[in-house]
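Okay, structure first, notes after.
Please treat every number below as a calculation from the coordinates, not as lab data. Please read these numbers as outputs of a predicted model, since none were measured by experiment. Because the Cβ atoms are built from the backbone with ideal geometry, glycine has one as well, and the counts that use them run over all protein chains shown.
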Amino acid sequence: MKQVFEGLRVLDFGRFIAAPWCAAIFADLGADVIRVERREGGEDRYVQPLELPDGSGAGYLPNNRGKRGITLDTSTEEGRKIAHELVKTADVVIINMPDRVMEAHGLDYETLKSVKPDIILASATAYGRGGPYSNRIGFDGIGQVMSGAVYRTGPEEQPYRFMVPYVDYATAQNLAIATMAAIIHRDRTGEGQHVEASLLLSALAVSDALLIDQAILEPDHGRIGNRGLAVGPCDLFEIEGRWILVQVTGTPLFHRWCKMVGEEGWITDPRYARDEQRAAAGKVLNARMQQWCDTQKFDEAMEVLEANRIPAAEVLSPRQVLEQEHIKAMEYLKPVDYPGLPKPAPVIQTPFEMSETPGQIAHRAPLLGEHNDEIYGELGYDAATIESLREKGVI
């Protein structure tokens, strides 16, 4: 089956998560994605090391699956020349470097456009281009703390940053959408462009409802732990030493919940008529939910919750996630080998479904410089020239 982006070439100069994950989506959809790394390897290659011979880590494997990998020192004149030869063969360049670094390496949009007029440059940035913070560097947590989300997260006495880098992945997917739109525009007009997604903008997009609430009503809400921001009951509840999330949203669901816990009188109680009132009364409603949980056995409670169509799920450890029956049945985690691993790694599948042209993991993430001979050979370099580039430290 021909995939959507078969025949498309993407050069991935990205590091860490936002740019590499964007490029991985293109690889899943059939593009020829070439990861371009420093000779010593990109910093992201070694995040969460797995005791592999090459030092690669858990963060590297999913974000770089399906790609071919080369090394290239674009700080050298010869390296920049080779990069531009690669650009001539490409449709998209994905990158996350500050503007001044892109310019120094010959990877800024104006330079790339002079090399290939219809090139699409997709850049991931921390703060966006054109503002007073634009030259600052940043990671996922910067977007989290500047969006208002961290201020509202955690117990009353301390804000909590979310452990997984959701801002990075949101930025990657925003960048992928923008790049796909740019490809359609290029195919219609012949015109390339520079597209961008930033950590801060992506974080603000996820948190916008908090900001609208503050701007209009000026409530100055604080932290409420695991309680629901806008619904109730909603919290984490303990049953026999195990924790579950129960989230009751909307009046019909609330009425079912009232019947389940034996509080039918609350169905007509004006204090609980709407979601926002139930959120304000979250402590009372959550306490009643915990009382109900205290009378239950875990398995029976989950059955009753499902019978009443109340959204609920157990808080799973990573070990439990790997064994969870639905996740296994859906094959969301694909076993992928990597040299030196004692067993295949569970790498996430393409994070969306398509009925006719589904994405797939074509192959594992590349070793450092694994495809140097292959790709530089495609550019017309013979074996002796490639070896000379190695000796000079260009690749």
Over the chain, with a Gaussian network built from C-alpha contacts below 10 Å, which listed residue (Asp269, Asp12, Asp337) shows the highest mean-square fluctuation?
Asp269
Can you give me the pair-distance distribution of the range 156-277, C-alpha pairs, 5 Å bins, whole percents?
2, 8, 11, 13, 14, 13, 12, 9, 7, 5, 3, 2, 1, 0
Hand me the tally of lysine pairs in the range 280-395: alpha carbons under 27 angstrom apart, and the pair either on different chains or 8 or more positions apart.
4
Over all directions, what mean area does the Cα convex hull of the range 261-395 project, stated in square nanometres?
16.5
Peptides 326-333, 198-205 ordered by average Cβ neighbours within 10 Å, highest first
198-205, 326-333
Under 21 Å Cα-Cα from Lys113, which lysines qualify once same-chain neighbours fewer than 8 residues away are excluded?
Lys81, Lys88
At q = 0.14 Å⁻¹, what is the log10 ratio I(q)/I(0) for the range 234-319, with the Debye formula run over Cα points and no solvent?
-0.45
Take every Cα pair under 8 Å in the range 234-319 that's 6+ residues apart, average their separations, divide by the length, and report that relative contact order as a whole percent.
42
Relative contact order computed over the chain (Cα-Cα under 8 Å; 6+ residues apart), in percent:
19
With 10 angstrom as the radius, rank Trp21, Trp266 by how many other C-beta atoms surround their C-beta, starting from the fewest.
Trp266, Trp21
q = 0.11, 0.12, 0.20 Å⁻¹: log10 I(q)/I(0) that the Debye formula gives for the range 123-218, counting C-alpha atoms only
-0.40, -0.46, -0.99
So what is the 222 nm mean residue ellipticity for the chain from helices alone, if each DSSP H run of at least 4 adds -39500 (n - 2.57) and you divide by all residues, rounding to the nearest 500 deg cm²/dmol?
-11500 deg cm²/dmol
Sorted peptide list for 107-113, 387-393, criterion being average Cβ within 10 angstrom, highest first
107-113, 387-393
Name the residue, out of Gly377, Gly59, Gly241, whose mean-square fluctuation peaks in a Gaussian network model built on the chain with Cα pairs under 10 Å.
Gly241
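What shape does the range 90-129 take by its C-alpha gyration tensor, where a ≥ b ≥ c are the square roots of the eigenvalues and a/c under 1.5 counts as rounded, a/b above b/c as prolate, and the rest as oblate?
oblate
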Working from the pairwise distances between different alpha carbons, so that the mean of 1/r is found and then inverted, what is the range 59-142's Kirkwood radius in Å?
14.2
Given a 10 angstrom Cα cut-off, can you work out which residue in Glu40, Glu323, Glu191 is the most mobile in a GNM of the chain?
Glu323
Work out from phi, with θ = phi - 60° and the Karplus expression 6.51 cos²θ - 1.76 cosθ + 1.60, the ³J(HN,Hα) of each residue of the range 119-128, listed in order in whole Hz, and give x for Gly and Pro.
5, 10, 9, 10, 10, 9, 10, 7, 10, x
Which peptide among 354-363, 94-103, 167-176, 133-142 comes first, and what is the full order, when sorted by highest mean count of other Cβ atoms within 10 Å?
167-176, 94-103, 133-142, 354-363
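Given the chain, what percent of its DSSP beta bridges are antiparallel, to the nearest 5?
Given both bridge residues lie in the chain, the antiparallel proportion sits at roughly 40 percent.
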Kirkwood-Stokes translational diffusion coefficient of the chain, alpha-carbon pairs, 37 °C, 0.692 mPa s, µm²/s
137
